[in-house]
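The values are calculated or read from the model by the stated rules, or taken from the named source; none is laboratory data. Remember, predicted model here, so these are calculated numbers, not experimental data. With ideal geometry, Cβ positions are generated from the backbone for all residues, glycine too; neighbour counts draw on all protein chains shown.
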C-alpha cells in the first residue's frame, strides 16, 4: 500500500522536530502537525524563557556583591513589562529558526490539531494524510490538583511568562523543580514568595543532602516555605487570593494563612497531552495516563511510535530529542539504537542552582547496601563570596561503590552547578572510579576542583 508520507509526526516540540529532521536527512518524506508555536514546551513555556528569567533574577545579587570589589553599587530598578517583552521576543526568534530548519529539511508543516482516523490515517483540520509510520510527540500539559478547593483561582506554570505586572506576593503550590525555580526567580525579581509543599522538604526524589541544602538557602534568601501541608484551600479576594494551609508538626496541627496580592501559581505537576488524539481508533495502549512503549519507543500498534513527555519516562528535553533521533536512526537510517536512561544528568535552576548525575545516596544504599557505599562530601564558601561578604555555600558530593571504587553519583549545589556537572557526567557515564577523579589535576582556584580533591 502506498502512503502520502513515510513518516508523519504529531507535535512539533523538541522530540518531534528532532525526529522529523533526522528522518528527512535519511531521505524520508516527512510531515509534522502542530496547532501551537513550534518548539513545544521547552522553547515556548519552559526551559528557554525560564532560564532567561533566571538570568534576570540574579542581577540584583550581582549589583549588591560588586560593592565588595570596589564598585559603587548602582541604583537600579526592574522594568517588568520590558523584561517580559524581551523574553517573549527571543521565543519568537527561536520559533522562526525552527520554521526555517523544518523548511530546509523539506518537512511539510500542517497547522492544526492532529487526530487519528485509523492506524495509518491522521486528520489535521480539513486535511487527511496517510503515513507508513507515525510518531506521537505531543508532550505534556500542566495539571490542576482536584483536591484543592478554589484551585480554579490559581494560575498554571505556563502563565508565568505572561504576567502583566510584577506580583508583590506570590503563593506557589508545589515543591518540585518547577515550583522551586519559579519561587527563586520571583524572589530574585523582588516578589515576596510563599511556597506551599506537602512534604517536609522540596525536590522529592533528589538526593537528601541536595534537597536540604537548597531549601535552607531558599529560606535564607527570604522565601517562606510552608511544609508538611495536608489541607490547602484557596479563596478569591478583591484583588487577590487567600491561601489557607493546615499541617501537622511536632507541635500539633497548625493553620497558616498567606495572602497574595494578585495570583497563586500552581506548579504541581504535568501529564501527557493525549486528549483528542483519537487513540481509541488505534491499538495504542495508554497506561496510567501515558502512552505505553517498548525500549524502541514502539507502541502496541507496530508502525506507531511515541517519544518525549507523552510517554512519561524521563521528562527532559534532551531525552526527548535523543529518543526521537534514535527512532529515526533505527527506522530510516539503518542504525538500530535505543536511548539509554542510565546516568542522565539534570539541573535545577534555583538560586543556588543544583546539578546532579547518577544515583542518589539513598538509591545507592537501596541497590548495593549501606555497607557498600562510601560518601565523599564537601561544603564551603566559594572565593567569590569572601570579598562580597556573603555566607553563600557550595555543596559537592560523590557517591562511591566501595568494592569497585566506581563513582555512582555526583551532586552539587552552588554557582554554575549545571555547567560543572555536565562535564562530571561524562566521567560518571564512562564508569570512572574515584581513583580516576583523584588522579585528575584540579583547576585552581575554582569550585569545580573540589570534585577531584575530595578525600
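Of the residues in region 143-159, how many are within 15 Å of the chain's Cα centre (by Cα) and crowded, with 20+ Cβ neighbours inside 10 Å?
Going through region 143-159 one residue at a time, the tally reaches 1.
Of these, 269, 276, which one is at pLDDT below 95 and closer than 24 Å to residue 35 by Cβ?
269
Just give me the residues in region 105-157 being in a loop (DSSP other than H, G, I, E, B) and without any contact (Cβ under 8 Å) to a residue 12 or more places away in the chain, in sequence order.
Passing the criteria: 126, 146, 147.
Would you please name the residue that is nearest to the chain's Cα centre (by Cα), looking only at residues in region 377-405 that are crowded, with 17+ Cβ neighbours inside 10 Å and farther than 21 Å from residue 217 by Cβ?
399
Filtering region 314-333 down to residues that are free of Cβ contacts under 8 Å to residues at least 60 places away in the same chain and assigned to a loop (DSSP other than H, G, I, E, B), which residue is farthest from residue 297 (Cα to Cα)?
Taking the candidates together, the pick is 316.
Quick one: is residue 263 in contact with a strand residue (DSSP E or B) (Cβ under 6 Å, 6 or more places away or on another chain) and modelled with pLDDT of 85 or more?
Taking the combined requirement at face value, the residue does not satisfy it.
Go through (1) crowded, with 16+ Cβ neighbours inside 10 Å; (2) touching a strand residue (DSSP E or B) at 6+ places or on another chain (Cβ under 6 Å); (3) touching a residue at least 40 places away in the same chain (Cβ under 8 Å) one by one and return the number of the condition residue 351 breaks.
Among (1) crowded, with 16+ Cβ neighbours inside 10 Å; (2) touching a strand residue (DSSP E or B) at 6+ places or on another chain (Cβ under 6 Å); (3) touching a residue at least 40 places away in the same chain (Cβ under 8 Å), the lone unmet condition for residue 351 is (2).
Restricting attention to region 234-250, does a residue exist that is more than 21 Å from residue 172 (Cα to Cα) and not in a helix (DSSP H, G or I)?
yes
Which members of region 285-300 meet the condition of being in a strand (DSSP E or B) and surrounded by 15 or more Cβ atoms within 10 Å (Cβ to Cβ)?
286, 290, 291, 298
For residue 374, only one of the following conditions fails: (1) surrounded by fewer than 17 Cβ atoms within 10 Å (Cβ to Cβ); (2) under 26 Å from the mean Cα position of the chain (by Cα); (3) in a strand (DSSP E or B). What is its number?
If we test residue 374 against (1) surrounded by fewer than 17 Cβ atoms within 10 Å (Cβ to Cβ); (2) under 26 Å from the mean Cα position of the chain (by Cα); (3) in a strand (DSSP E or B), just (2) comes out false.
Just to be sure I understand, how many residues within region 160-193 are touching a helix residue (DSSP H, G or I) at 6+ places or on another chain (Cβ under 9 Å) and in a helix (DSSP H, G or I)?
So the answer is 14.
Kindly list the number of the only condition in (1) without any contact (Cβ under 8 Å) to a residue 24 or more places away in the chain; (2) buried (at least 19 other Cβ atoms within 10 Å of the Cβ) that fails for residue 270.
The number of the failed condition is (1).
Given (1) touching a helix residue (DSSP H, G or I) at 6+ places or on another chain (Cβ under 9 Å); (2) not in a strand (DSSP E or B), identify the lone condition not met by residue 305.
(2)
Hey, among the residues in region 210-222 that are surrounded by fewer than 22 Cβ atoms within 10 Å (Cβ to Cβ) and in contact with a helix residue (DSSP H, G or I) (Cβ under 7 Å, 6 or more places away or on another chain), which one's farthest from residue 352 (Cα to Cα)?
222
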